[in-house]
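Since the structure comes first, as structure tokens, the remarks are kept for the end.
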Amino acid sequence: MAGPELTGPNLPDPIIEAHGLKRYYQRGSETVKALDGVDISIRRGEIVAILGPSGSGKTTLVNVLSCLDAPTEGTLMVAGRSVAGLSEDELVEVRRGVLGFVFQQFSLLPTLTVTENVELPLMFLGRRADRKKTREILEMVGLGNRADHLPRELSGGQMQRVAIARALIMEPQILVADEPTGNLDKTTGESIIKLFKHLAADQGLAILITTHNLAFGYQADRVITLEDGKIVKQEERHPERTDAVQT
């Protein structure tokens, strides 16, 4: 099972905790309720999958939890800090110090090596890269022997691992993965969820996933299903067993 035990008195504190989240938009005279009163908490070492059809609100939810968008109403704590009323610069600092992002599109620069792509966020911040640390991260994601390769010399799964390593270089506490297996075949996708389980269990990362892939999503510790901006089902799962508890 990935991450720490999720039941009992010794639960880790939530790294993300939200209550009554609403995100409304105006579309002409119509009010679109993209989120309509969502309560959610995510703990260190826990993998949480957000499922739902297009238009269910899952992208909006992840954007709000990731401080990429502000809620219309509700409270949100990220790493123990309330983000209500923070300026954009302050939200950038929260994201930079707490969150790492992995997207469906790998977005690797074709002329840079694997090592250089991983260290790119540090370069943008004017920070000097610790090459030893980079090598350790590449070993962690199974790319120790690909450090000097270019993206065109990699498989799709290897490119996704580079994108994961690039997120890890900033030492995040929360990894946000948007459709991380959308461009991958079944076998390669399974290798990515195994990597996520390793990162959650060994590094204590909280991992938040959005996906349309039910088989992938149901490998998470907890599965949350959205419809019309509301949570309609939560399942506490034990991925190495066949049972689940629904609420």
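The values are calculated or read from the model by the stated rules, or taken from the named source; none is laboratory data. Owing to the predicted nature of the structure, the values given are computational and were not obtained by experimental measurement. Backbone-built Cβ (ideal geometry, glycine too); neighbour counts: all protein chains shown.
Scanning the range 44-60 for residues that are of a type in the set (A, V, I, L, M) and out of contact with any strand residue (DSSP E or B) (no Cβ under 6 Å at 6 or more places or on another chain) returns no hits. Beta carbons closer than 9 Å, at least 6 apart along the sequence or on distinct chains, pair a first residue in the range 161-180 that is more than 17 Å from residue 98 (Cβ to Cβ) with a second that is of a type in the set (D, E, K, R) for 161/146; 162/146.
Per the conditions (1) in a helix (DSSP H, G or I); (2) modelled with pLDDT of 85 or more; (3) out of contact with any Gly (no Cβ under 6 Å at 6 or more places or on another chain); (4) hydrophobic (A, V, I, L, M, F, W, C), the sole criterion not satisfied by residue 220 is (1). Scanning the range 77-89 for residues that are part of a strand (DSSP E or B) and in contact with a Cys (Cβ under 8 Å, 6 or more places away or on another chain) turns up just one, 78. Determine which single condition residue 118 fails, assuming it passes every other condition in (1) surrounded by fewer than 20 Cβ atoms within 10 Å (Cβ to Cβ); (2) at pLDDT 95 or above. That leaves (1) as the condition not met. Only one of the numbered conditions (1) buried (at least 17 other Cβ atoms within 10 Å of the Cβ); (2) at pLDDT below 90 is not met by residue 215, and that is (1).
Residues of the range 104-149 that are touching a helix residue (DSSP H, G or I) at 6+ places or on another chain (Cβ under 8 Å), assigned to a helix (DSSP H, G or I) and hydrophobic (A, V, I, L, M, F, W, C): 114, 118, 120, 137, 138, 140. The condition of being under 30 Å from residue 126 (Cβ atoms), in contact with a strand residue (DSSP E or B) (Cβ under 6 Å, 6 or more places away or on another chain), in a helix (DSSP H, G or I) and at pLDDT 90 or above does not hold for residue 177.
Residue pairs whose Cβ atoms lie under 8 Å apart, separated by 6 or more positions or on different chains, with the first residue in the range 61-77 and free of Cβ contacts under 8 Å to residues at least 60 places away in the same chain and the second of a type in the set (Ser, Thr, Tyr), are 69/60; 72/24; 75/82. Could you grab me the full set of residues in the range 12-66 that are part of a loop (DSSP other than H, G, I, E, B) and surrounded by fewer than 14 Cβ atoms within 10 Å (Cβ to Cβ)? Correct list: 13, 28, 29, 53, 54.
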